[in-house]
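Data first, discussion second: the structure below is written as structure tokens.
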Amino acid sequence: MNIIFKGIKTPKHYYIYDRGRNAILEVDAEEYEELENIQNGNLKSIESKVLERYQHYGFLKENTVTKIEHPCTHALKHYLSNHLEKLTLQVTQRCNLRCEYCIYSGNYDTRTHSELDMDFDTAKRAIDFYLNASNELDELTVAFYGGEPLLNIELIRKCVVYVYEKSFGRRVVFSITTNGTLLNENTVSFLEEHKFNVMISLDGSQKEHDTYRKFQNGKGSFKVIQENLRRIKEKHPEFFKKISYNSVLNPENDYQNIKDYFEKDDLLASADVFTNIVESEDLTQDIQFSETFSLINKFDYLKLCLFMLGKLDEEDVSKLVLVKRSFIYERYHQITKKAEIGDTCHPGGPCIPGTRRLFVNVQGYMFPCERVSETSPVMAIGHLDSGFDIKKVNSLLNIGKITEDLCKNCWALFHCNQCAQKADGKDHLSRELKVKHCPISKGQAFMNLKEICILKELGCTFER
């Protein structure tokens, strides 16, 4: 009998994660030991009274999965024709900075800077394509990306006008990710007029930011950004309040200084800040984070947990980790549904490629999002001239098929975080690369479930 579950022990209690119901069961020590003996082959399942009792209530049943297939597979053409949620236009591959960890920096195997700009004809075709394939949505989202997108501000202006002309009364949200160095008065007035959601890449105080985010001449960009932000705050105070910031955490930077800057600086103390660890995938050199970085980050996360338990006030929690609360709540509510798994399912990692945030580069090639490699043929899911390559989209959606034998019997199936990017072999989807990431994905899944168990037993209600 093939019953798939995972034991979880906390300092106080014992739990079993039942994959067949995507549910966590609290058990006593004797039950836990007996179930572990079954899993380890030391006890036959038909001899277990504990197993018999749980199966009577619909849990810990034999694995029913016989096929790995994404549930949206048969509706794929419909989604691609009617439900594109967001369009991201790469309006330029140029940039006025040379950030060392940027995916275009040359330190990655994925892409480099170029002098290419998107022309208006390509942008119009991309917008038309998006509008025609989003008819099920009342709200449209068009984002502008680079390089540094504000180097091609005139194209952005034309695109905004064109979207308004073609959207036929539907609500439109515009967004842009920028390095913040080109936010002059005319540009800011334009962005404010059209209610842009603006995210600025800013890594912390001058010392941390200028370590990596430099102009082409090697000079740091921090002071220029600060001057722009002070002017925006003075002349456009309401618009300023809505700007968000993305901080890339680097191994050589002082995490405490970054925290102090975003939490205490007179400009940004009340701003929304999102953090990302510097991307290690395809990086040509290894990265290592210091022990100090890890300790401070873990302490901040502990305070987040104490806040969720009602032991600390929200203002005592670093805003650099506060955003993670919603992800914990989402995971908890998923496992409380206790839905039966059925015979066909798919690992939880991939979105429907192209529908979540379709990325169109300067040459009109289409990709699932802006995070995948533009130099990888396997990640190009079509072109504006020919539309989506349904076969390629389907292969990315069903990335679990290349490890079907493993996925069918993996306890972490529902909690897998691997999208097709992890299997990008450039000219093929690589089983070897995907399998290489499995231990990391399963390790994260285990820690996430254990965290939920501990929070629950300590009194967290998981109420938003």
For this session: Pairs of Cα atoms under 8 Å, at least six residues apart: use those to get the relative contact order of region 75-335, whole percent.
Result: 16
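Please arrange D424, D389, D266 by how many other C-beta atoms lie within 10 Å of their C-beta, fewest to most.
Working: D424 22, D389 15, D266 8.
Sorted ascending by nearby Cβ count, the order is D266, D389, D424.
May I ask you to derive the FRET efficiency for E33 and Y57 from their Cβ-Cβ distance with R0 = 22 Å, giving the value to the nearest 0.05?
Working: r = 20 Å, r/R0 = 0.91.
According to the calculation, E is roughly 0.65.
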Problem set entry | Estimated distance in nm for a label pair at L182 and E432, the labels positioned 7 Å out from Cα along Cα-to-Cβ | 4.1
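Quick check on the exposure proxy: order T211, T178 from fewest to most C-beta atoms within 10 angstrom. Please list the in-between numbers first.
Values: T211 19, T178 23.
The fewest-first ordering by Cβ neighbours comes to T211, T178.
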Exercise. What FRET efficiency comes out for the pair K337/N197, r = Cβ-Cβ distance, R0 = 45 Å, nearest 0.05?
Worked result: 0.90
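If each residue of separation counts as 0.36 nm, what is the full-extension length gain between S386 and M447 once their alpha-carbon separation is subtracted? Provide the component values of the computation, followed by the final result.
Values: separation 61, 0.36 × 61 = 21.96 nm, distance 4.38 nm.
Here the answer is 17.6 nm.
Please state the shape class of region 5-63: rounded when a/c is under 1.5, otherwise prolate if a/b exceeds b/c and oblate if not, all from the C-alpha gyration tensor.
On the way: a/c = 1.60, a/b = 1.16, b/c = 1.38.
Because a/c hits 1.5 or more and a/b fails to exceed b/c, region 5-63 counts as oblate.
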Exercise. What order, most packed first, do the peptides 77-88, 226-237 have when packing is the mean number of other Cβ atoms within 10 Å of each residue?
Worked result: 77-88, 226-237
For this session: State the extension gain, in nm to one decimal, for the chain segment bounded by E314 and F274, taking 0.36 nm per residue of separation less the distance between their alpha-carbons.
Result: 12.7 nm
Seminar exercise, completed: Helix 255-264 sits off the longest principal axis of the Cα atoms of the chain, rounded to the nearest 10 on a 0 to 90 degree scale, by 60
For this session: Please tell me the relative contact order of the chain in percent, rounded to the nearest whole number, where contacts are Cα pairs under 8 Å and at least six residues apart.
Result: 19
Seminar exercise, completed: Using alpha carbon centers only, region 402-461 is separated from region 233-265 by a whole-angstrom value of 32
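Per DSSP H run of at least 4 residues, take -39500 (n - 2.57); add these up for the chain, divide by its residues and hand me the 222 nm value, nearest 500 deg cm²/dmol.
Numbers: 16 runs with 171 residues, N = 464.
So the helix-based figure for the chain works out to -11000 deg cm²/dmol.
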Problem set entry | Amide H contacts under 5 Å for A143, placed H, 5+ residues apart | L87, T88, L89, S175
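So how much slack lies between N42 and V172, counting 0.36 nm per residue of separation and subtracting their Cα-Cα distance, in nm? Each step should come with its number before you reach the end.
On the way: separation 130, 0.36 × 130 = 46.80 nm, distance 6.07 nm.
Full-extension gain reported as 40.7 nm.
Based on the Cβ-Cβ distance from D405 to S294, what FRET efficiency comes out when R0 is 45 Å, to the nearest 0.05?
Working: r = 36 Å, r/R0 = 0.80.
Step by step, r from the Cβ atoms, then E = 0.80.
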Exercise. Could you give me the ³J(HN,Hα) list for region 323-331, computed from phi with Karplus coefficients 6.51, -1.76, 1.60 and θ = phi - 60°, whole Hz, x at Gly and Pro?
Worked result: 4, 6, 4, 5, 5, 5, 4, 4, 4
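Taken together, the values in this text are just the output of simple stated rules run on the coordinates, not laboratory data. As the structure is a computational prediction, the values presented were derived from the model and not from experiment. Ideal geometry is used to build each Cβ from the backbone, glycine not excepted, and the neighbour counts take in all protein chains shown.
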